[in-house]
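The values are calculated or read from the model by the stated rules, or taken from the named source; none is laboratory data. Bear in mind that the values here come from a model prediction, so they are computed numbers and not experimental data. In this analysis, Cβ positions are derived from the backbone assuming ideal geometry, glycine residues included, and neighbour counts consider all displayed protein chains. To get the accessible areas, we keep the full protein, side chains included, count just its heavy atoms, and leave off ligands, DNA and RNA. Shrake-Rupley method; radii C 1.70, N 1.55, O 1.52, S 1.80 Å.
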Amino acid sequence: MAEDLILERCDLQLEVNGRDHRTGDLCRDRLVLRRGQPFWLTLHFEGRGYEASVDTLTFSAVTGPAPSEEAGTKARFSLSDAVEGCAWSASAVDQQDGVLSLLLNTPADAPIGLYRLSLEASTGYQGSSFVLGHFTLLFNAWCPADAVYVDSDQERQEYVLTQQGFIYQGSAKFIKSIPWNFGQFEDGILDICLMLLDVNPKFLKDSGHDCSRRSSPIYVGRVVSGMVNCNDDQGVLLGRWDNNYGDGISPMSWIGSVDILRRWKDYGCQRVKYGQCWVFAAVACTVLRCLGVPTRVVTNYNSAHDQNSNLLIEYFRNESGEIEGNKSEMIWNFHCWVESWMTRPDLEPGYEGWQALDPTPQEKSEGTYCCGPVPVRAIREGNLGTKYDAPFVFAEVNADVVDWIRQEDGSLHKSVNHSLVVGLKISTKSVGRDEREDITHTYKYPEGSEEEREAFTRANHLNKLAEKEEAKEEGRVDMRIRVGQSMNMGSDFEVFAHITNSTAESHNCRLLLCARTVSYNGVLGPECGTQELPDLTLEPFSERGIPLRILYEKYSDCLTESNLIKVRGLLIEPAANSYVLAERDLYLENPEVKIRVLGEPKQNRKLVAEVTLKNPLPVPLLGCIFTVEGAGLTKEQKTVEVPDPVEAGEQVKVRVDLLPTDVGLHKLVVNFECDRLKAVKGYRNVIIGPS
């Protein structure tokens, strides 16, 4: 009778599997695999080698605290002649004495997460069990059978593997790109993402069911959407929008997700202060990319927050155009969410592809502050019964805005406002390039098209349909706010109320112009410029440009970190009892952060980053701090303080040591803060060549 088969050790082939599964950055001390794809394993036996005629090898793979075959969280499979593409399987590839090389396969619909792999080796009636090791299983965008499969290698590279990107802020007429370090392969991030899944309320309520459902990117995306905010659970970020961030970190100051996720873990899964929409979206993007789901951050300009799902945002204003009372339904200057790519077997065919997920806590969905996934196509088609949360996302890009002027006698008059269109310039980073891609057409049909009318009809968007009929009227008085020059932080500048009278009659009007600082979510601050023309005559078929000068001394102390000023014009024609309203959000450009890399950018060479910024303000800067980070370039965030003061026009310069790193493209991201300049961002691509 043959002696027992004794396992000396198991080689998980970290380097080979890491390369094949594109998880090399995660496989330094562990095995990380993408599901639906074979992986290598080498067994070293003691004494004698494996003999197929007398030995039986049975493998076991389990995940979660209560694994079961019925739930799909436990699998037993024996050595076979060849691996099966759609099931747990193992086959022998080569044998040299006591060394057995194996190829194993995981199903393309297996739950993701941490697995324990065991071996039962039996010879006759005797057997022994061995723990071969642990591995983490991720979604696989390279596997055609996986629900997250993407057939473009460039898109897989961008939406799964790329660790840097841009988030778009500013305003619809001045789009500003903000560099962001997603860092999904940085040290410890995968463990944190798995921890995030394991503290979600659904896991705490029924861990077995939760782990089983992790086979679906729909389910995982919904969990991540809820866990990035902390409104219902031990989520990552606490949102705050009141400009009081003294007991935490201002949302505008973050430059990457890594520091946020590490803080959350180090705080014992306690919320990190503070986040706003792009921070929630960026952290969700990091987590989903880390887990293998193709994901991108999206920005929608003039984004509506419709609480009652009537697709209507109403503003009630006094006769000066000022909004009355506190308002929960608002038009946000911009709003960010994420899109993730997946199939939707829970819906009718045609809804696969990009799905919108919004982790910013705004409204509850099935009792939890989360939103989506909802197919972007369902939003474009106006199919609001589609799971999940289609009415809310449809309103974000399509809601109608009505302005009412309340007169002294209490009567309400509807004002004309052609300057505000909800859902503009929907933006994301281009694939493989540091440029913006406009994806508005994926959410909305062209304005005025028959397809748009059909979508509004399906969505029962009666306000918008009626508005389009009204818009056909010819001849009117209209007004737009225009800018005549670039607007830089620290400068004085002019804006203009451009008034057009396209009728054959004269109009005697009163014009009120007002500029106020504003946060990106629409909350107004103090006035920083006003002008009133009580007697303005508009000749037939004429145009007028009325200037409003905005001074740095007026906005300097009340500008928020959004760098936004809202200019409002209200044109009143008393004889006709008519009101024309025009608004525009102005973004003030921050000074440029310049970054130079000193040294030869070769593999594993020490490099130094030189960072400079010139004070653009007419006053000194105090408390200046640079924060620097970059995946592969810094182990953690580095901060450098600058001696006070930095005088007007003076250039400040700091140097930061970078890590020796591997060949490839890396991005260094910088944030600058001081008493009068907040969240000034810069970045530099660092291309490392072979040594």
Yes/no for I260 being open to solvent by less than 10 Å² (accessible area, probe 1.4 Å), under 29 Å from D585 (Cβ atoms) and either in a helix (DSSP H, G or I) or touching a residue at least 60 places away in the same chain (Cβ under 8 Å) (or both):
yes
Of Q234, Q154, Q163, the only residue that is closer than 24 Å to D438 by Cα and crowded, with 17+ Cβ neighbours inside 10 Å is Q163
- Message: Can you confirm whether G246 is small (G, A, S), in contact with a Lys or Arg (Cβ under 9 Å, 6 or more places away or on another chain) and either surrounded by fewer than 20 Cβ atoms within 10 Å (Cβ to Cβ) or part of a loop (DSSP other than H, G, I, E, B) (or both)?
- Response: no
Can you find even one residue in the stretch 215-230 that is over 28 Å from L668 (Cβ atoms), charged (D, E, K, R) and either touching a helix residue (DSSP H, G or I) at 6+ places or on another chain (Cβ under 8 Å) or surrounded by fewer than 24 Cβ atoms within 10 Å (Cβ to Cβ) (or both)? no
Taking the stretch 263-283 and keeping only residues that are over 29 Å from G525 (Cβ atoms) and either open to solvent by less than 10 Å² (accessible area, probe 1.4 Å) or among the aliphatic types (A, V, I, L, M) (or both), one is left with W264
Counted residues in the stretch 441-459 being touching a residue at least 24 places away in the same chain (Cβ under 8 Å) and surrounded by 16 or more Cβ atoms within 10 Å (Cβ to Cβ) come to 7
Scanning the stretch 84-116 residue by residue, the ones that are under 22 Å from L5 (Cβ atoms), free of Cβ contacts under 8 Å to residues at least 60 places away in the same chain, surrounded by fewer than 20 Cβ atoms within 10 Å (Cβ to Cβ) and among the hydrophobic types (A, V, I, L, M, F, W, C) total 4
query = What do you reckon, is F59 touching a residue at least 60 places away in the same chain (Cβ under 8 Å), surrounded by 18 or more Cβ atoms within 10 Å (Cβ to Cβ) and at negative phi?
reply = yes
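Of everything in the stretch 634-654, what is assigned to a strand (DSSP E or B), of a type outside the set (K, R) and over 17 Å from S253 (Cα atoms)? Give them in sequence order. Walk me through it before giving the result.
Just the residues of the stretch 634-654 that are assigned to a strand (DSSP E or B), to begin with: 638-641, 646, 651-654.
After this cut, where a residue has to be of a type outside the set (K, R) as well, the list is 639-641, 646, 651-652, 654.
Listed by number, the residues that qualify are V646, Q651, V652, V654.
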Taking first residues from the stretch 660-681 that are closer than 17 Å to V646 by Cα and in a strand (DSSP E or B) and second residues anywhere that are acidic (D, E) and open to solvent by less than 20 Å² (accessible area, probe 1.4 Å), the pairs with Cβ under 9 Å that are 6 or more apart or on different chains are N671/E629
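Hey, among D400, D409, which residue is touching an Asp or Glu at 6+ places or on another chain (Cβ under 7 Å) and closer than 30 Å to I572 by Cα? It would help to see each step written out before you state the result.
Working: D409 fails: touching an Asp or Glu at 6+ places or on another chain (Cβ under 7 Å).
Just one listed residue meets the conditions, D400.
From the list V397, V402, V393, pick out the single residue that is in contact with a Cys (Cβ under 9 Å, 6 or more places away or on another chain), open to solvent by less than 30 Å² (accessible area, probe 1.4 Å), β-branched (V, I, T) and under 26 Å from D585 (Cα atoms).
Details: V397 fails: in contact with a Cys (Cβ under 9 Å, 6 or more places away or on another chain); V402 fails: in contact with a Cys (Cβ under 9 Å, 6 or more places away or on another chain).
Just one listed residue meets the conditions, V393.
Touching a residue at least 60 places away in the same chain (Cβ under 8 Å), open to solvent by less than 30 Å² (accessible area, probe 1.4 Å), part of a loop (DSSP other than H, G, I, E, B) and farther than 19 Å from T627 by Cα, is that true of V293? Give the steps one after another, and end with the answer.
Details: touching a residue at least 60 places away in the same chain (Cβ under 8 Å): yes; open to solvent by less than 30 Å² (accessible area, probe 1.4 Å): yes; part of a loop (DSSP other than H, G, I, E, B): yes; farther than 19 Å from T627 by Cα: yes.
When the stated conditions are applied, V293 passes them.
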Pairs returned, first residue in the stretch 135-152 that is within 15 Å of S215 (Cβ to Cβ) and among the small types (G, A, S), second residue that is open to solvent by less than 20 Å² (accessible area, probe 1.4 Å) and assigned to a strand (DSSP E or B), beta-carbon separation under 9 angstrom, 6 or more apart or interchain, are A147/M342
message: I'd like to check something: does the stretch 170-178 contain any residue that is of a type in the set (F, W, Y), under 30 Å from N333 (Cα atoms) and open to solvent by 20 Å² or more (accessible area, probe 1.4 Å)?
response: yes
A careful count of residues in the stretch 385-407 that are closer than 30 Å to E319 by Cβ and either part of a loop (DSSP other than H, G, I, E, B) or of a type in the set (V, I, T) (or both) gives 5
Expected output for the stretch 475-491 (first residue closer than 13 Å to R544 by Cβ, partner open to solvent by 60 Å² or more (accessible area, probe 1.4 Å) and at pLDDT 90 or above, Cβ below 6 Å, 6+ apart or cross-chain) is R482/F496
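Which of the strands (runs of 3 or more DSSP E) contained wholly in the stretch 306-377 include at least 2 residues that are open to solvent by less than 10 Å² (accessible area, probe 1.4 Å) and not aliphatic (A, V, I, L, M)?
Working: elements: 312-317, 330-342, 353-357.
By residue number, 330-342, 353-357.
Starting from residues that are among the hydroxyl-bearing types (S, T, Y) and surrounded by 13 or more Cβ atoms within 10 Å (Cβ to Cβ), keep the ones in the stretch 651-691 and report whichever is farthest from N181 (Cα to Cα).
In the first step, residues of the stretch 651-691 are kept if they are among the hydroxyl-bearing types (S, T, Y); the result is 661, 683, 691.
Those left that are additionally surrounded by 13 or more Cβ atoms within 10 Å (Cβ to Cβ): 661, 683.
On the way: T661: 16, Y683: 10 Å.
It comes out as T661.
Consider Y115 carefully, then state whether it is more than 30 Å from I331 (Cβ to Cβ), assigned to a strand (DSSP E or B) and aromatic (F, W, Y). Show your work before the answer.
Values: more than 30 Å from I331 (Cβ to Cβ): yes; assigned to a strand (DSSP E or B): yes; aromatic (F, W, Y): yes.
Yes.
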When (1) closer than 30 Å to G124 by Cβ; (2) open to solvent by 30 Å² or more (accessible area, probe 1.4 Å); (3) assigned to a loop (DSSP other than H, G, I, E, B) are applied to R9, the one that fails is (3)
Restricted to the stretch 254-292 and to residues being under 13 Å from the mean Cα position of the chain (by Cα) and β-branched (V, I, T), the residue nearest to D242 (Cα to Cα) is V279
Could you say whether any residue in the stretch 198-208 is under 22 Å from the mean Cα position of the chain (by Cα), at pLDDT 95 or above and buried (at least 23 other Cβ atoms within 10 Å of the Cβ)? no
**OP:** Taking R48 as the residue in question, decide whether it is at negative phi, assigned to a strand (DSSP E or B) and of a type in the set (D, E, K, R).
**Re:** no
Take V54 and decide whether it is open to solvent by 30 Å² or more (accessible area, probe 1.4 Å) and within 24 Å of E8 (Cβ to Cβ). yes
